[in-house]
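K.L.:
Shown below is the structure under consideration.
The values are calculated or read from the model by the stated rules, or taken from the named source; none is laboratory data. All values reported here derive from a predicted model rather than from experimental measurement. Note that each Cβ is placed from the backbone with ideal geometry, even for glycine, and that neighbours are counted across all protein chains shown.
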Amino acid sequence: MTGLHAIKKEIVEIGRRIYNRGYAAANDGNISVRLDSERIVITPTGVSKGFMDPDSMVICSLEGKSLTRNACPSSEIKMHLTVYANRPEIQSVVHAHPPYATAFGITGIPLTQAMLPEVIMTLGGIPLVEYGTPGTDALSRPLIPYIKDHDAFLMQNHGALTIGNDLSTAYYRMETLEHFAHIAFISHLLGKIHTLPGPEVSKLLDIRRKQGGTGVFHPTACNSAAADACAILETGETVVESAITGASGPKPQEISEHFIAELVRKLLRELS
Ligand SMILES: [Zn+2]
């Protein structure tokens with residue numbers, strides 16, 4: 001395994017990127033890495049992610065007990081521990097409040113439109129997880145039904161969570177998620193959105209599966225020619241199913257692109 005100090009330094013570097021990109025203000029956000037079968041290392045509470053010191057990182061048991069003297073882990077550690085308990089292969093968890101993704105979480109608009117092939121291959125589906133009070137069990141409990149099948153999560157009225165087999169993967173998934181949210185926002189402003197047709201989505205999900213990705217993806221608002229043929233990837237197997245009747249997992253809102261574009265234009269008119 002990479003040395004502990006090197007891991008702590010990598011967390012500091014990722015924290016700096018999160019802060020510099022505006023994904024977290026003040027002391028927001030938290031990052032952790034699994035060290036072995038019994039311990040994780042996590043960012044301390046009350047510290048800006050842009051100005052961390054490797055020596056301030058906190059080692060904790062998988063029950064959340066601090067093993068570092070006089071150090072207090074992030075108040076959102078339970079969210080990290082819930083991921084590690086439910087996904088043994090996951091080695092890192094990144095949580096931040098990137099503005100565009102967070103805005104989608106606040107407005108309740110799911111990022112489930114099949115717009116960009118790279119996003120489908122990299123992230124699969126992005127569920128919108130129900131709100132829970134930060135720092136309590138209520139924050140991590142709503143994640144549980146989604147953890148096994150997803151690598152990126154929008155948290156209602158809060159932020160985003162990404163996970164990976166190493167720290168850089170977990171972080172890059174956060175970048176991809178926010179980049180996607182930004183593009184989706186601009187696309188909604190510009191007007192009618194052309195989503196990828198169902199058969200194309202199926203091909204992308206096949207590629208993702210071959211690369212070891214798991215997950216469930218319920219695309220919403222596919223273009224009309226393919227509205228009844230959206231793909232769902234179920235742990236290793238691609239199933240074509242109706243986007244409207246897609247049964248398991250989060251219930252995606254049926255959002256009309258036209259409605260959103262009109263709404264944004266109206267808001268911009270009122271603000272100008
Ligand atoms: Zn948070």
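K.L.:
Go through segment 144-169 and give me each residue that's part of a helix (DSSP H, G or I) and either within 15 Å of the ligand (Cβ to nearest atom) or not hydrophobic (A, V, I, L, M, F, W, C) (or both).
P.N.:
P145, Y146, S168, T169
K.L.:
May I pose another question? I90 fails exactly one of the following numbered conditions: (1) aliphatic (A, V, I, L, M); (2) within 30 Å of R208 (Cα to Cα); (3) out of contact with any Leu (no Cβ under 8 Å at 6 or more places or on another chain); (4) not in a loop (DSSP other than H, G, I, E, B). What is the number of that condition?
P.N.:
(4)
K.L.:
Among the residues of segment 12-30, is there at least one that is of a type in the set (S, T, N, Q) and closer than 20 Å to D151 by Cβ?
P.N.:
Yes, segment 12-30 contains at least one residue that is of a type in the set (S, T, N, Q) and closer than 20 Å to D151 by Cβ.
K.L.:
Could you please give the count of residues in segment 9-29 that are within 16 Å of the ligand (Cβ to nearest atom), crowded, with 20+ Cβ neighbours inside 10 Å and hydrophobic (A, V, I, L, M, F, W, C)?
P.N.:
3
K.L.:
Inspect segment 60-81 for any residue being under 23 Å from R209 (Cβ atoms) and either surrounded by fewer than 16 Cβ atoms within 10 Å (Cβ to Cβ) or under 16 Å from the mean Cα position of the chain (by Cα) (or both) and give the result as yes or no.
P.N.:
no
K.L.:
Could you list, in sequence order, all residues of segment 89-105 that are more than 14 Å from the chain's Cα centre (by Cα) and surrounded by fewer than 19 Cβ atoms within 10 Å (Cβ to Cβ)?
P.N.:
Passing the criteria: only E89.
Quick grid of which residues meet (1) of a type in the set (A, V, I, L, M, F, W, C); (2) away from the ligand (no atom under 16 Å from the Cβ):
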{"site": "A85", "(1), (2)": "yes, yes"}
{"site": "A96", "(1), (2)": "yes, no"}
{"site": "P99", "(1), (2)": "no, no"}
{"site": "A103", "(1), (2)": "yes, no"}
{"site": "T107", "(1), (2)": "no, yes"}
{"site": "E118", "(1), (2)": "no, yes"}
{"site": "G124", "(1), (2)": "no, yes"}
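K.L.:
Among the numbered criteria (1) modelled with pLDDT of 95 or more; (2) buried (at least 19 other Cβ atoms within 10 Å of the Cβ), which one does H188 miss?
P.N.:
Of (1) modelled with pLDDT of 95 or more; (2) buried (at least 19 other Cβ atoms within 10 Å of the Cβ), only one is false for H188: (1).
K.L.:
Can you find even one residue in segment 109-122 that is without any contact (Cβ under 8 Å) to a residue 24 or more places away in the chain and farther than 24 Å from E13 by Cα?
P.N.:
Looking for residues that are without any contact (Cβ under 8 Å) to a residue 24 or more places away in the chain and farther than 24 Å from E13 by Cα, one finds none in segment 109-122, hence no.
K.L.:
So for segment 9-20 (the condition being part of a helix (DSSP H, G or I) and more than 15 Å from V94 (Cβ to Cβ)), does at least one residue qualify?
P.N.:
Yes, segment 9-20 contains a residue that is part of a helix (DSSP H, G or I) and more than 15 Å from V94 (Cβ to Cβ).
K.L.:
Going through segment 184-219 one residue at a time, which ones are in contact (Cβ under 8 Å) with a residue 40 or more places away in the chain and at positive phi?
P.N.:
Within segment 184-219, G191, G215 meet the criteria.
K.L.:
Among the candidates R173, R141, which residue alone is away from the ligand (no atom under 16 Å from the Cβ) and either buried (at least 21 other Cβ atoms within 10 Å of the Cβ) or within 21 Å of L81 (Cβ to Cβ) (or both)?
P.N.:
Exactly one residue qualifies, and that residue is R173.
K.L.:
Where residues in segment 49-59 are within 25 Å of the chain's Cα centre (by Cα) and assigned to a loop (DSSP other than H, G, I, E, B), which of them is nearest to V12 (Cα to Cα)?
P.N.:
Only one residue fits best here, namely M52.
K.L.:
Any residue at all in segment 213-234 that is part of a helix (DSSP H, G or I), crowded, with 19+ Cβ neighbours inside 10 Å, more than 16 Å from the ligand (Cβ to nearest atom) and modelled with pLDDT under 50?
P.N.:
yes
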